[in-house]
Amino acid sequence: MKINHPLVKGEIKEIQPKIFCTLIDDDYDRAMLFCRYQELYESPYKQFRGKNFTWAEFMRYYKNDHKANTFTYPYDWCGYNIPSKIVSQGLLTFSKGEWTQYDEIMSDIWYSCENYPLRFEKPRTKWYLIGASSKDLKTLDHEIAHGLYYTNRKYKQDCDALISKISKKHYNLLKKALIKMGYADDKKIIDDEIQAFMSTGLYRDFNGDEIKPYTEAFIANFKKYKK
């Protein structure tokens, strides 16, 4: 499916089984499309996570929290990942408040993925939506790892087993770094981010020397499942 809207240009494709990728090369357009849905899903801010909120409320709070002179979200984040149930929840939630053209585009994306030709099995299976630039393959792999963790039970089990082998000291080091980067202090979210960063060679965002020994097994596991 092509996205050919005055605000957003891109395309959607099933990049892995049950994982749909929204490829948008413009960082601002991609961020504005995904922002409210991503924050609804796993925002570190309790007043926004799982809640109905407006753009003005979030943008001002985010700007002040980051002690910035402007809204830097499109520069701070480059990839996005949302379960299908959160897309549905977001469309329902935001329709009761501030509904924008970005929500209209997301509604079209949801419809396209939910009614994908190979998705007429019963009962309907869950799917995952990711967003990235076609020019940023590392981030794309990172988001695919999130999708696999949600849609592939065996992949999640293997990742959880690898996470359990990380020492408490190094797990806490990773957790502290992720929270500092802006992720929520929630074990499910932290574990998901650990596997995604470790599986795609982005561990260098942390203390590389201490963390590197764990990465080989994560990367090998990711390559086994990525088609």
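Quick notes on this one:
- Qualifying residue in segment 159-172 (condition: outside the structural domain of residue 48 (by TED's automatic domain parsing), surrounded by 20 or more Cβ atoms within 10 Å (Cβ to Cβ) and at pLDDT 95 or above): yes
- Qualifying residue in segment 182-192 (condition: surrounded by fewer than 18 Cβ atoms within 10 Å (Cβ to Cβ), modelled with pLDDT of 95 or more, part of a helix (DSSP H, G or I) and more than 19 Å from the chain's Cα centre (by Cα)): no
- Qualifying residue in segment 116-127 (condition: surrounded by 12 or more Cβ atoms within 10 Å (Cβ to Cβ) and in contact with a strand residue (DSSP E or B) (Cβ under 7 Å, 6 or more places away or on another chain)): yes
- Members of segment 129-156 found to be touching a residue at least 12 places away in the same chain (Cβ under 8 Å), assigned to a helix (DSSP H, G or I) and of a type in the set (A, V, I, L, M, F, W, C), listed by number: 140, 144, 145, 148
- Boolean, residue 97 is crowded, with 20+ Cβ neighbours inside 10 Å, closer than 22 Å to residue 32 by Cα and either among the aliphatic types (A, V, I, L, M) or touching a residue at least 24 places away in the same chain (Cβ under 8 Å) (or both): no
- Set 14, 42: member being under 19 Å from residue 113 (Cβ atoms), in contact (Cβ under 8 Å) with a residue 24 or more places away in the chain and not aliphatic (A, V, I, L, M): 14
- Selection of segment 1-44 for residues being over 18 Å from residue 135 (Cβ atoms) and part of a loop (DSSP other than H, G, I, E, B) yields 1, 5, 6, 7, 17, 18, 43, 44.
- One residue from 23, 7 being closer than 18 Å to residue 102 by Cβ, more than 16 Å from the chain's Cα centre (by Cα) and not assigned by TED's automatic domain parsing to the domain that holds residue 179: 7
The values are calculated or read from the model by the stated rules, or taken from the named source; none is laboratory data. Quantities reported herein were computed from a predicted structural model and do not represent experimental measurements. Positions of Cβ are generated from backbone atoms using ideal geometry, with glycine treated the same way; all protein chains shown enter the neighbour counts.
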